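The values are calculated or read from the model by the stated rules, or taken from the named source; none is laboratory data. Note that the coordinates shown come from a computational prediction; the quantities given were computed from them, not determined experimentally. Here the Cβ is made from the backbone with ideal geometry for all residues, glycine too, and neighbour counts use every protein chain on show. For the accessible areas, the whole protein counts, side chains as well, though only heavy atoms, and no ligand, DNA or RNA atoms are used. Shrake-Rupley method; radii C 1.70, N 1.55, O 1.52, S 1.80 Å.
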Amino acid sequence: MNTYYLAIFGLVFTTFIWGITFEVVEESLKSIPPNIFNTIRFLIAAFCTFIAIIFKNRKISISKFEFKAGIICASLLALGYFFQSLGLWENSIYLKSDPNKSAFITGTSVLMVPIIMYIMNKSRVSKHLWISIFFVLLGMGILLNPNVEKFTIGDLLTFFCATSFAAHIIFQGNYLKDGINDIFSFFLSQTVFASLLFFIPSIVEINYLVDSIEFNSTVISGLIITGVFGTFIAIMIMVWAQKIVSPIQTAMIFSMEPVFAGLYNHFFTDHILTNWGIFAGVIIVLSIIYHEYKMSVS
């Protein structure tokens, strides 16, 4: 298989993994606060990456550039998950975001990536891209049916999440094409630093929410699934693929996450897709195929 199409398939597979782990994360967070969950999740991914490096190179060697790039990318990745969690956190200080609105707003990173790159003079935005983005957002809006009755502080925090994820895609793509040679070392620095960033707010959760923490079978399985498959395998594939695929194409493919989540929930949970949901998924997939086709013939 051509390396380019293998990278595209890899990104689709990553999106698929994230889509089917949504239910696992949601159930796990009923028994453990988000920052503690994310700390352990990224520590598991860091451990898996460490073992992979030992088997591959028998030693860890991280260049100054890989370490610096890893810290910046880890900060953006951690910020994305941090704001997303805060946006969905139910508290007495501000109104949280609705899960459907949160998913839709997070998905707007597909629009933010080309806008940020255009502002940074990193990319030209073609009319075909805008057409694709329009129909992707239309499909996501139909699929997720966001409740827009009232804009909340939680919604605003989720916009920060989408911006952070978009920036992570851009910066990681640029670093990978500017001199990252060992993607395992680069990813190790990301996972270690991200876990440290999550550990800071988790101290507050340990002190004030200790009575609500329960390491039951759901949490343990959720940590293993998200740590190994959703973080180590999925993001490692993303890191490799971004050496080949542009940040804009990466964002377009990641917009399929709610499609995979919807299909998984339709067949394996009680959340059945409506005909409108199936129609929305078709719109998103066709929009991405349209963009890829225009890229190939241009």
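Extension gain for Val210 to Lys243 (0.36 nm times residue separation, less C-alpha to C-alpha distance): 7.7 nm.
Expressed in nm to one decimal, what extension gain is obtained for the pair Phe134 and Val282 from 0.36 nm per residue of sequence separation less their Cα-Cα distance? Let's see the in-between values first.
On the way: separation 148, 0.36 × 148 = 53.28 nm, distance 1.41 nm.
Gain on stretching Phe134 to Val282: 51.9 nm.
The label-point distance for Ile200 and Asn275, in a model that sets each label 7 Å from Cα toward Cβ, rounds to 5.2 nm. Normalised per residue, the accessible area of the stretch 172-276 is 47 Å², obtained with a 1.4 Å probe and no contribution from ligands, DNA or RNA. Note on the chain: with neighbouring protein chains present and a 1.4 Å probe, carbon and sulfur make up 68 percent of its accessible heavy-atom surface.
Among Val245, Val125, the sequence by solvent-accessible area, most first, with a 1.4 Å probe is Val125, Val245. Which part of the stretch 256-270 falls in the paramagnetic zone of Glu27, meaning amide N under 19 Å from the point 7 Å along Cα-to-beta-carbon? The answer is 260-270. Under 5 Å between amide hydrogens, built in the peptide plane, is the criterion, and for Ser97 it picks out Leu88, Trp89, Gly154, Asp155 among residues at least 5 positions away or on other chains. For the chain, the mean residue ellipticity at 222 nm estimated from helices alone is -24500 deg cm²/dmol, where every DSSP H run of n ≥ 4 contributes -39500 (n - 2.57) and the total is divided by all residues, rounded to the nearest 500.
For Lys56, the aspartates and glutamates whose Cα comes closer than 20 Å to its Cα, not counting residues fewer than 8 places off in the same chain, are Glu66, Asp182. In terms of accessible area, using a 1.4 Å probe and ignoring ligands and nucleic acids, Lys96, Lys59 rank largest first as Lys59, Lys96.
Calculate, for Lys127 and Lys56, the FRET efficiency according to 1/(1 + (r/R0)^6) with r their C-beta to C-beta distance and R0 51 Å; round to the nearest 0.05. Don't jump to the answer; show the numbers that get you there.
Numbers: r = 44 Å, r/R0 = 0.86.
For Lys127 and Lys56, the calculated efficiency is 0.70.
Anything in the chain that counts as a DSSP H helix reaching 18 Å or more along its axis (C-alpha) with Kyte-Doolittle mean of at least 0.0? List them, would you? Walk me through the numbers before you get to the answer.
Working: long enough: 3-20 (26 Å, 1.62); 34-57 (34 Å, 1.28); 64-88 (36 Å, 1.13); 127-144 (25 Å, 1.92); 153-177 (37 Å, 0.88); 183-208 (38 Å, 1.50); 275-297 (33 Å, 1.10).
Answer set is 3-20, 34-57, 64-88, 127-144, 153-177, 183-208, 275-297.
For the stretch 1-117, report the accessible area per residue in Å² (1.4 Å probe, heavy atoms, rounded to an integer). Each step should come with its number before you reach the end.
On the way: 5760 Å² over 117 residues.
Ligands and nucleic acids excluded, the figure is 49 Å² per residue.
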